[in-house]
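K.L.:
Below is one structure. I have some questions about it.
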Amino acid sequence: MSEGDIRTLVVDDSEFFADMTAQTLSQEHDMDAVSVHSGVAAAERLTEDEFDCVVSDYEMPGMDGLELLSTVREEEPSLPFILLTGRGDEETASEAINAGVADYLLKLEVVEDKQYGRLANRIESVVEQDRTRKKFESLVANSPDGIAHVTAKGVLLSTNPSLADRLGTTVEALSGERLTDVMETETARRRVAAVREAIETGETVETTDSVDGRHYQNQFVPVESHRERSTVQLISRDVTERVERQRELERQNERLEEFASVVSHDLRNPLNVADSALELLDADDDELVGKIDRSLDRMSDIIEDVLTLAREGRAVDDPEWVDIGTLAEEAWADVETEDATLSVTASGQLEADPTRARDLFTNLFRNAVEHNDGPVSVTVGAVEGGFYVADDGCGVDGGSGVFEMGYSTADEGTGIGLAIVAQIADAHGWGLDLAESEVGGARFEVTGVARRE
């Protein structure tokens with residue numbers, strides 16, 4: 001805590017002790033301490049000023065320390081209150097704790113042994129705890145998540161306004177109610193079962209459910225309360241918009257794949273007819289036949305790329321650990337590399353969808369081979385948080401535009417290959433950048449990748 005930020009009210013019918021204690025706390029322990037000399041005077045002062053802590057004698061005429069505490073609690077239910085008592089017996093300690101004091105000390109130890117440092121430490125401790133609690137309560141009260149303190153029997157000890165609003169009632173009305181009485185029975189029973197599982201296992205339990213058309217992601221966190229030994233903190237987050245976006249994305253992907261399949265099917269039929277006719281054609285004009293053959297091959301490549309693009313955009317839900325060297329070697333085998341060479345310097349595994357990660361490498365390798373004149377050397381290496389694919393060719397102009405649909409610098413290119421790479425990276429949640437390799441060629445860096453040796 002910073003200097004002078006704890007305001008303390010010292011209460012004692014001994015003016016000497018009250019003033020000495022307040023002065024010592026102020027001068028030696030950087031507190032803003034004020035002294036009063038009776039319980040009545042303390043109660044009046046608390047109505048006029050704000051304090052972080054009260055340090056009070058127990059035995060005082062007119063109003064003793066516990067009577068002062070009772071008065072304080074009516075206005076300030078949580079104000080830290082430290083009791084100084086001349087009695088060290090268990091009965092007094094028990095009475096003080098039951099009354100709700102934050103701490104208590106023997107007055108003689110403070111006076112005779114001059115343990116003001118010990119008192120100051122206690123004050124700092126209870127004030128810090130109180131401030132932490134208030135911050136937590138403020139976060140809970142203002143959280144958009146529904147939060148509740150729930151017993152093993154499904155009784156709500158406390159809730160925050162967000163949860164009360166969802167249930168169409170108030171925080172006060174929910175206190176002491178059972179989950180099964182305030183929400184749809186079957187959903188409530190599943191939540192109570194999760195509460196009991198969390199208590200029995202001592203571990204956080206996560207569930208999802210729906211209430212009145214809204215979707216919720218729930219966490220049941222075991223806690224111990226002074227009111228109930230076995231309880232959980234229920235945190236329920238409304239994920240309706242996320243669920244609906246995911247469903248809409250899935251529908252779009254399904255429509256896109258269906259569209260791509262239909263288009264490719266409708267194109268393949270006349271393409272196959274043209275291929276068959278070309279075989280029967282009298283090849284008197286080799287140049288013309290070659291031109292037709294190349295055009296048909298290009299159409300076939302476009303069809304395959306369209307299908308791949310439609311399928312690769314789906315988010316990766318169930319990644320696996322796959323060896324990066326194996327992926328690269330298998331992808332290299334899928335490409336007509338001619339005299340090109342591959343070097344894999346990256347080691348270990350990456351977390352990915354194996355098929356789509358292989359397609360990413362395949363398209364990057366094909367891009368390197370097809371967009372350079374003559375043999376090219378390709379390297380797969382490691383970077384912080386990912387890997388790169390680089391070549392020693394002529395490089396690629398266009399910056400981030402190379403990942404856009406239709407961009408190609410090769411006469412025979414479809415302009416879809418690098419768009420597929422971008423789709424695959426995005427589906428994994430990876431970053432993708434184009435840079436220049438150390439020898440002037442193209443270098444594609446993939447980052448945000450989970451890797452392990």
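K.L.:
Output the number of the condition that Leu46 fails; it satisfies all remaining conditions of (1) under 14 Å from Thr8 (Cα atoms); (2) touching a strand residue (DSSP E or B) at 6+ places or on another chain (Cβ under 6 Å).
P.N.:
(2)
K.L.:
Output the residues belonging to region 331-351 that are surrounded by 15 or more Cβ atoms within 10 Å (Cβ to Cβ), over 11 Å from Phe365 (Cα atoms) and in contact with a helix residue (DSSP H, G or I) (Cβ under 7 Å, 6 or more places away or on another chain).
P.N.:
Within region 331-351, Val344, Ala346, Gln349, Leu350 meet the criteria.
K.L.:
Please work out which residue is surrounded by the fewest Cβ atoms within 10 Å (Cβ to Cβ), limiting yourself to region 364-379 and to residues that are under 10 Å from Leu342 (Cβ atoms) and of a type outside the set (Val, Ile, Thr).
P.N.:
So, considering only residues that are under 10 Å from Leu342 (Cβ atoms) and of a type outside the set (Val, Ile, Thr), the one surrounded by the fewest Cβ atoms within 10 Å (Cβ to Cβ) is Ser377.
A quick yes/no check of all residues on (1) in a loop (DSSP other than H, G, I, E, B); (2) at pLDDT below 90; (3) among the charged types (D, E, K, R); (4) outside the structural domain of Gly441 (by TED's automatic domain parsing):
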site: Val306; (1), (2), (3), (4): no, yes, no, yes
site: Val322; (1), (2), (3), (4): no, no, no, no
site: Thr326; (1), (2), (3), (4): no, no, no, no
site: Ala357; (1), (2), (3), (4): no, no, no, no
site: Phe361; (1), (2), (3), (4): no, no, no, no
site: Phe365; (1), (2), (3), (4): no, no, no, no
site: Ala390; (1), (2), (3), (4): no, no, no, no
site: Gly406; (1), (2), (3), (4): yes, yes, no, no
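K.L.:
Under the condition of being modelled with pLDDT under 90 and among the charged types (D, E, K, R), which residue from region 426-450 is farthest from Gly348 (Cα to Cα)?
P.N.:
Across region 426-450, the extreme among qualifying residues is Glu436.
K.L.:
Sticking with this one: Tell me which residues, restricted to region 132-154, are without any contact (Cβ under 8 Å) to a residue 40 or more places away in the chain and within 30 Å of Val101 (Cβ to Cβ).
P.N.:
The answer is Thr132, Lys135, Phe136, Glu137, Ser138, Leu139, Val140, Ala141, Asn142.
K.L.:
Find the residue count for region 60-79, including only residues that are touching a Lys or Arg at 6+ places or on another chain (Cβ under 9 Å) and not in a loop (DSSP other than H, G, I, E, B).
P.N.:
Residues in region 60-79 being touching a Lys or Arg at 6+ places or on another chain (Cβ under 9 Å) and not in a loop (DSSP other than H, G, I, E, B): 0 in total.
Here is a yes/no grid of residues against (1) among the hydroxyl-bearing types (Ser, Thr, Tyr); (2) touching a strand residue (DSSP E or B) at 6+ places or on another chain (Cβ under 6 Å):
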{"residue": "Lys153", "(1), (2)": "no, no"}
{"residue": "Pro161", "(1), (2)": "no, no"}
{"residue": "Arg166", "(1), (2)": "no, yes"}
{"residue": "Glu186", "(1), (2)": "no, no"}
{"residue": "Val192", "(1), (2)": "no, no"}
{"residue": "Thr201", "(1), (2)": "yes, no"}
{"residue": "Thr204", "(1), (2)": "yes, yes"}
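K.L.:
Quickly run through region 344-353 and pick out the residues that are modelled with pLDDT of 90 or more, over 27 Å from Cys394 (Cβ atoms) and of a type outside the set (S, T, N, Q).
P.N.:
Gly348, Leu350, Glu351, Ala352
K.L.:
Quick test of your reading of the structure: Ile82 fulfils all but one of (1) in contact (Cβ under 8 Å) with a residue 40 or more places away in the chain; (2) assigned to a loop (DSSP other than H, G, I, E, B). Name the failing condition by number.
P.N.:
Here Ile82 meets the rest and fails (2).
K.L.:
Tell me whether region 47-54 contains one or more residues that are touching a helix residue (DSSP H, G or I) at 6+ places or on another chain (Cβ under 6 Å) and exposed (fewer than 14 other Cβ atoms within 10 Å of the Cβ).
P.N.:
Within region 47-54, none of the residues are touching a helix residue (DSSP H, G or I) at 6+ places or on another chain (Cβ under 6 Å) and exposed (fewer than 14 other Cβ atoms within 10 Å of the Cβ).
K.L.:
Here's a follow-up. I'd like to verify a number: residues in region 419-453 that are in a loop (DSSP other than H, G, I, E, B), without any contact (Cβ under 8 Å) to a residue 60 or more places away in the chain and touching an Asp or Glu at 6+ places or on another chain (Cβ under 8 Å), how many?
P.N.:
Residues in region 419-453 being in a loop (DSSP other than H, G, I, E, B), without any contact (Cβ under 8 Å) to a residue 60 or more places away in the chain and touching an Asp or Glu at 6+ places or on another chain (Cβ under 8 Å): 3 in total.
The values are calculated or read from the model by the stated rules, or taken from the named source; none is laboratory data. Source: prediction; values computed, not measured. Quick reminder, even Gly has a Cβ in these numbers, built from the backbone with ideal geometry, and neighbours come from all protein chains shown.
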